[in-house]
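Remarks on the structure that follows.
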Amino acid sequence: MPWDPDFINRNPILGQLRPLLSPMPWRQWPSVSQLARFREGDIPVTFIDDSAFMAMDHYYEEAVALGQVPTREHNWHDFFGAVIWWQFPRTKALLNRQHMDDIQRVGLRPRTPRRDRLTHFDECGLVLVAPDKQELETLLREHDWHALFIERRSRWQRDWLPFIFGHALYEQALAPFIGLTGKCLVLQAEAAFYRLSPLAQYQWLDQALAATIGNLDMFSRPRPLLPLPLLGVPGWWPANEEPGFYGNTDYFRPKRNRI
């Protein structure tokens, strides 16, 4: 897909990036060096192109541990990877350290289950902020989409705030499709969080997310994340204004009974 300097206006999912990227700094594809300079000094890494990465003679996670993030030019996936580094530098660095811990323990292959879960969150993760964590986690765990999206619809964008973490989700949101799903983690926040500016909210989120993942070592256990059909989030997709939209059980799947 070619560069679109107005991509943040395509839909409300990508519109989350408006506080960071408005006005848009680049009318053409940004070079890797431009990405590296954009928030230079605010994050613990810089971005390098393929030739610089090859010259390092390191595997990907090792390069990141050295503060060098391999980044392909003219590539939406890697562009959004840089965006998440700008928004969540502590959490991104922590995920890489946990990758490195497992690599040093067992080697690059085979990949450990924890590394697979880390990658899943890195690609498709979403953070939900709520004043009552248990309430929201219960609805998500039970796949109670009717209560989540219809009965309590007014809670969204007021009490329940979704924040994209996985850079693959942003890439997929360039052309949304039925099936687009995030794997989410719920964080509980006090009333003061809701009064913060958007950029200050991301700073709070990064600290809280890194602390939660680090303290709980949550990716060491099976199924640490909860599925959330993104096009069901009120305000994120026009079709969900009609209650019948949620009748698609191939997308809004009922909970499976595990034997």
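The values are calculated or read from the model by the stated rules, or taken from the named source; none is laboratory data. Since the structure is predicted, the reported quantities are computational estimates derived from the model, not experimental observations. Counting neighbours? That spans all protein chains shown, and the Cβs are built from the backbone with ideal geometry, glycine included.
When the residues of region 144-175 are filtered to those that are out of contact with any helix residue (DSSP H, G or I) (no Cβ under 7 Å at 6 or more places or on another chain) and assigned to a strand (DSSP E or B), the one that is farthest from Tyr202 (Cα to Cα) is Trp156. Does region 51-59 include one or more residues that are within 21 Å of the chain's Cα centre (by Cα), within 26 Å of Leu209 (Cβ to Cβ) and of a type in the set (Phe, Trp, Tyr)? Scanning region 51-59, I find no residue that is within 21 Å of the chain's Cα centre (by Cα), within 26 Å of Leu209 (Cβ to Cβ) and of a type in the set (Phe, Trp, Tyr), so the answer is no. Applying the set (1) outside any strand (DSSP E or B); (2) without any contact (Cβ under 8 Å) to a residue 40 or more places away in the chain to Thr91 leaves exactly one unmet item: (2).
On the given criteria, is Asp206 surrounded by fewer than 13 Cβ atoms within 10 Å (Cβ to Cβ) and within 22 Å of the chain's Cα centre (by Cα)? No: the conditions fail for Asp206. For region 102-122, the tally of residues that are crowded, with 18+ Cβ neighbours inside 10 Å, within 25 Å of Glu171 (Cα to Cα) and charged (D, E, K, R) stands at 4. Is region 194-215 home to any residue that is of a type in the set (Asp, Glu), in a loop (DSSP other than H, G, I, E, B) and under 30 Å from Pro89 (Cβ atoms)? Looking for residues that are of a type in the set (Asp, Glu), in a loop (DSSP other than H, G, I, E, B) and under 30 Å from Pro89 (Cβ atoms), one finds none in region 194-215, hence no.
Quick one: would you say Gln87 is surrounded by fewer than 19 Cβ atoms within 10 Å (Cβ to Cβ) and at pLDDT 95 or above? Judged against the criteria, Gln87 is not a match. Among the residues of region 1-45, just one is surrounded by 15 or more Cβ atoms within 10 Å (Cβ to Cβ), in a loop (DSSP other than H, G, I, E, B) and of a type in the set (Gly, Ala, Ser), namely Ser31.
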